[in-house]
Every structure is written in structure tokens, then in C-alpha cells.
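Notes for the one structure printed next.
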Amino acid sequence: MKIFLLGGTKDSINIIDHIKKNYESYILTTTTTEYGAKLAIEGGSDETIARPLPKDEIIKIITENSFDILIDATHPFASHITQTSVSIAHELKIPYMRFERPATNLKNIETSHIHYVNSFDEAGKLIRNEFLSGNILHFAGANTMEEILKYVSVDRFYPRILKVESSIEKCKKLGIDPSHIIPMNGAASLEENIKLMEKYDASVMITKESGEVGGVIEKIEAANESNVAVVMIQRPKIDELKKNDIVSNLDELDIKLKNFF
């Protein structure tokens, strides 16, 4: 089974590991960063491509190498690539699967500190209007910083980012002081989040609704403990994606693979 995997997430590493242990397979994983590609190779991927790929190039690779299935395990907020992957699978008439981590279960979590918004633009406006003092912890990735900084002072802004060249460059271009950059290695624990909120005198934290794998519960509980507001960007809805295309765990992935092959 030849698998074209759109990766770059912890979910994608788990998928690689699971498929390699349970199926005779060849996996090509694409990621947008060298760091993501390194993790994919360590996870067992046979080959990686470490850069964003345009639609035409993905079609060419899948066609020329006779891939059997396209699996999209990109981040829940990478809506553009999910839309593109649905379109590619439809055009090439190959099996398609979207691995989407479940939404965060907040049933037993205090949510009174959470302000829900639908975009980073909305988040920036909300903070500008409602949170006039204290610092802003940005726990939502380097690619989303610019939207927030349209509305708030860079002097109050503390992003937690992967310490990779592309992210550091983004910070430089946006005028973020190096002392404000918080290096990140995977999801932080509750205790680590609390320490950061205290250290940087935060009044508000920005995060995506990226599921329990993304450490959302630890962020919310730390904010509750530290009396810090949470601005949470909700997941984009992707009209092109059919419910039947989505799996949310490895058992569901197995059922789909067995149905396809």
C-alpha cells in the first residue's frame, strides 16, 4: 500500500508508526518544515518532502508514483491544504481520508475565562478593546502572530514558538524583541504554563481549539489557576469535507483502510 501523507502534526507521526507496524506499506510524508520532516523520518516514514507543495505538484507526485491513498493529517486549522487535498482526491479518483483529532472535551473544565472567536483578526480586536493592561501570551503558532499585532503593541506580546529559523525570522520581521520569544518543544505541562503566565505577567493568552493533543486543557487549567483570560480561536468549518471522509482515531483509520483495500 503506497500512502501519500500530508503531515506535520503529532497525529501524523502516530499514523506513520501505526501503519508501519500493522501494514506492508510505503509512506511519503509532506510537511512544511524541516523539523516536521525530521520527526516523520524518526517516526518511520520512508520518504519526506519538507516544503509547502502546490496542488499541481501534489497531483504530479501522486500520479507519477502511483500512490494508492491520500491521507490528510494536517493541523485542524490548516483549512486551505484540507480543501486542496479533498479536491485532489476527487480529481484523481483515489481513496481519501482526513484524520481529524476530536475537539477538546471541556465538560469538567471551568470555562468562564474563555472568550471564543472565529478568527485571529477577531482575537486581535477583542484584546485591543477588552484587555488594556498586562501582557499577551501567544500560544497559537508563528504563522498567526501578524494578525494579532495589527491591533496590539508588540511590547506586550510574548509568542511561544518552535525555535526554527523560519519562526525566528517571522519574529524579527514583526519587530518582536528576542527576549519576548518563548522557545517551545511540544505541548507544555500545566506547571510549565503556570510558570510562564506568572513570569511574563500575562493578562490574556491566545490559543487555537486544537484538541487535547495540542495541550489545550493544560493551557485552560493554567489560565484558570493564574486568573488569565483565554482567547480561543474556534476551528474553521470546511464545506468540501464530508463527514464520511473523517476519522478521529487509529481504530477508525483501520476500518477505513480495510474498506478501501
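If the condition is being in contact with a Ser or Thr (Cβ under 8 Å, 6 or more places away or on another chain), within 26 Å of Gly141 (Cβ to Cβ) and open to solvent by 30 Å² or more (accessible area, probe 1.4 Å), then the stretch 88-110 contributes Glu100, Pro102.
Across the stretch 114-125, the qualifying residues are those that are surrounded by fewer than 20 Cβ atoms within 10 Å (Cβ to Cβ) and not small (Gly, Ala, Ser), and the one among them that is nearest to Phe77 (Cα to Cα) is Asn118.
Keeping to the stretch 237-249, report how many residues are open to solvent by 50 Å² or more (accessible area, probe 1.4 Å) and either assigned to a helix (DSSP H, G or I) or of a type outside the set (D, E, K, R) (or both). Qualifying residue count for the region: 4.
Would you confirm, using the coordinates I've provided, whether Ala73 is closer than 20 Å to Asp17 by Cα, open to solvent by less than 50 Å² (accessible area, probe 1.4 Å) and among the hydrophobic types (A, V, I, L, M, F, W, C)? The answer is yes for Ala73.
Does Ile220 meet the test of being part of a loop (DSSP other than H, G, I, E, B) and either buried (at least 17 other Cβ atoms within 10 Å of the Cβ) or among the β-branched types (Val, Ile, Thr) (or both)? Working first, answer last.
Working: part of a loop (DSSP other than H, G, I, E, B): no; either buried (at least 17 other Cβ atoms within 10 Å of the Cβ) or among the β-branched types (Val, Ile, Thr) (or both): yes.
No.
Remark: pairs (first residue in the stretch 49-62, closer than 14 Å to Ile27 by Cα and in contact (Cβ under 8 Å) with a residue 24 or more places away in the chain; second residue of a type outside the set (A, V, I, L, M) and in a strand (DSSP E or B); Cβ separation under 6 Å; 6+ apart in sequence or on different chains) = Ile62/Phe4.
Scanning the stretch 1-35 for residues that are out of contact with any helix residue (DSSP H, G or I) (no Cβ under 6 Å at 6 or more places or on another chain), open to solvent by less than 10 Å² (accessible area, probe 1.4 Å) and part of a helix (DSSP H, G or I) gives Ser12, Ile15, Ile19. A single member of Lys170, Lys125, Lys150 is among the charged types (D, E, K, R), farther than 29 Å from Lys10 by Cα and touching a helix residue (DSSP H, G or I) at 6+ places or on another chain (Cβ under 7 Å), and it is Lys150.
Contact annotation: residue pairs with Cβ atoms under 9 Å, 6 or more positions apart or on different chains, pairing a residue in the stretch 152-168 that is closer than 17 Å to Met205 by Cβ and β-branched (Val, Ile, Thr) with a partner that is assigned to a strand (DSSP E or B) and open to solvent by 40 Å² or more (accessible area, probe 1.4 Å), are Ile161/Pro183; Ile161/Met184. Condition check for Ser203 on (1) more than 17 Å from Ile161 (Cα to Cα); (2) assigned to a helix (DSSP H, G or I): one failure, at (2). Within the stretch 187-228, the set of residues being within 26 Å of Gly8 (Cβ to Cβ) and in contact with a His (Cβ under 6 Å, 6 or more places away or on another chain) comprises Ile206 only.
Keeping to the stretch 197-213, report how many residues are open to solvent by 20 Å² or more (accessible area, probe 1.4 Å) and within 20 Å of the chain's Cα centre (by Cα). Walk me through it before giving the result.
First, the residues of the stretch 197-213 that are open to solvent by 20 Å² or more (accessible area, probe 1.4 Å): 198-201, 203, 208-209, 212-213.
Then drop every residue that is not within 20 Å of the chain's Cα centre (by Cα), which leaves 208-209, 212-213.
Residues that pass the stated criteria total 4.
Checked across the stretch 159-172, the condition of being touching a Pro at 6+ places or on another chain (Cβ under 9 Å), of a type in the set (Ser, Thr, Tyr) and buried (at least 17 other Cβ atoms within 10 Å of the Cβ) holds for at least one residue.
Name the single residue that is farthest from Phe4 (Cα to Cα) among those in the stretch 77-87 being surrounded by fewer than 21 Cβ atoms within 10 Å (Cβ to Cβ) and in contact with a strand residue (DSSP E or B) (Cβ under 8 Å, 6 or more places away or on another chain).
So in the stretch 77-87, the residues surrounded by fewer than 21 Cβ atoms within 10 Å (Cβ to Cβ) come out as 77-81, 83-84, 86-87.
Still in the running and in contact with a strand residue (DSSP E or B) (Cβ under 8 Å, 6 or more places away or on another chain): 77, 81, 86.
On the way: Phe77: 20, Ile81: 14, Val86: 13 Å.
Only one residue tops the list, namely Phe77.
For the stretch 223-232, the set of residues classified as under 19 Å from the mean Cα position of the chain (by Cα) and either in a helix (DSSP H, G or I) or under 15 Å from Arg160 (Cβ atoms) (or both) consists of Val230, Val231, listed by residue number.
Pairing each residue of the stretch 131-148 that is among the hydroxyl-bearing types (Ser, Thr, Tyr) with any residue that is assigned to a helix (DSSP H, G or I), provided the two are 6+ apart or on different chains, yields C-beta distances under 9 Å for Ser133/Arg156; Thr144/Phe120; Thr144/Ala123.
The values are calculated or read from the model by the stated rules, or taken from the named source; none is laboratory data. Because the structure is predicted, anything quoted here is derived from the model rather than measured. Methodologically, a virtual Cβ is constructed for each residue, glycine included, from the backbone with ideal geometry; neighbour enumeration extends over all protein chains shown. These area figures cover heavy atoms from the full protein model, side chains too; ligands, DNA and RNA do not enter into them. Shrake-Rupley method; radii C 1.70, N 1.55, O 1.52, S 1.80 Å.
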